[in-house]
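Asker: Encoded as structure tokens, here's the structure I'll be asking about.
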Amino acid sequence: MEKRTNDKTLFAMDLTAMMAVEQLSAEKKQSQEKVLLDFMESNTAKMLYDDSTKLWWDGPSAIAEEYKKNH
């Protein structure tokens, strides 16, 4: 049986992603929309939304650093 991510966890993942995108957008001086599109296609986003990695526990700054390291 496939393990489902509950709504609260998904909300936390979404919030963490958006906060990381805001940080990246400010650093790169690019629109949040462009950064969000790039971020959501990245391996970092795949890892973030894979609850088994617990990457979202690390917070938005760690997510932004992971994205920069791999992008």
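Asker: Place a +1 charge on the Cβ of each Lys and Arg in the chain and a -1 charge on the Cβ of each Asp and Glu, then give the dipole magnitude about the Cα centre in debye, rounded to the nearest 20.
Answerer: Details: 10 positive and 13 negative charges, 18 e Å.
Here the chain has a charge dipole of around 80 debye.
Asker: To the nearest 10 square angstrom, how much accessible area does Asp7 have with a 1.4 angstrom probe?
Answerer: Spelled out: Asp7, probe radius 1.4 Å, area about 120 Å².
Asker: Same structure, new question: Given the C-alpha atoms of the chain, compute the convex hull and give its volume per residue in Å³.
Answerer: On the way: hull volume 5.8 nm³, N = 71.
Dividing the Cα hull volume of the chain by its residue count gives 81 Å³.
Asker: A further question follows. Please go through the residue pairs Lys29/Lys54; Lys28/Lys68; Lys46/Lys69; Lys29/Lys68; Lys46/Lys68 and name each one whose alpha carbons sit more than 19 Å apart in this structure.
Answerer: Too far apart for the 19 Å limit: Lys29/Lys54.
Asker: How large is the accessible surface per residue of the stretch 13-58, computed with a 1.4 Å probe and reported in Å² as a whole number?
Answerer: Working: 2820 Å² over 46 residues.
Each residue of the stretch 13-58 exposes 61 Å² on average to a 1.4 Å probe.
Asker: I want the local charge near Leu48. Using Cβ-Cβ distances under 12 Å, sum +1 for each Lys or Arg and -1 for each Asp or Glu among the other residues.
Answerer: That sum, taken over residues with Cβ under 12 Å, equals -3.
Asker: Among Ala20, Ala12, Ala45, which one shows the biggest mean-square fluctuation in a GNM of the chain, springs joining Cα atoms closer than 10 Å?
Answerer: Maximum among the listed residues: Ala12.
Asker: Give me the percent of accessible area attributable to carbon and sulfur for the chain, probe 1.4 angstrom.
Answerer: Carbon and sulfur together cover 55 percent of it.
The values are calculated or read from the model by the stated rules, or taken from the named source; none is laboratory data. This one's a predicted model, so the numbers in the text were calculated from it and none came from an experiment. Cβ atoms come from the backbone with ideal geometry, glycine included; neighbour counts cover every protein chain shown. Side chains included, ligands, DNA and RNA excluded: accessible areas come from the protein's heavy atoms. Shrake-Rupley method; radii C 1.70, N 1.55, O 1.52, S 1.80 Å.
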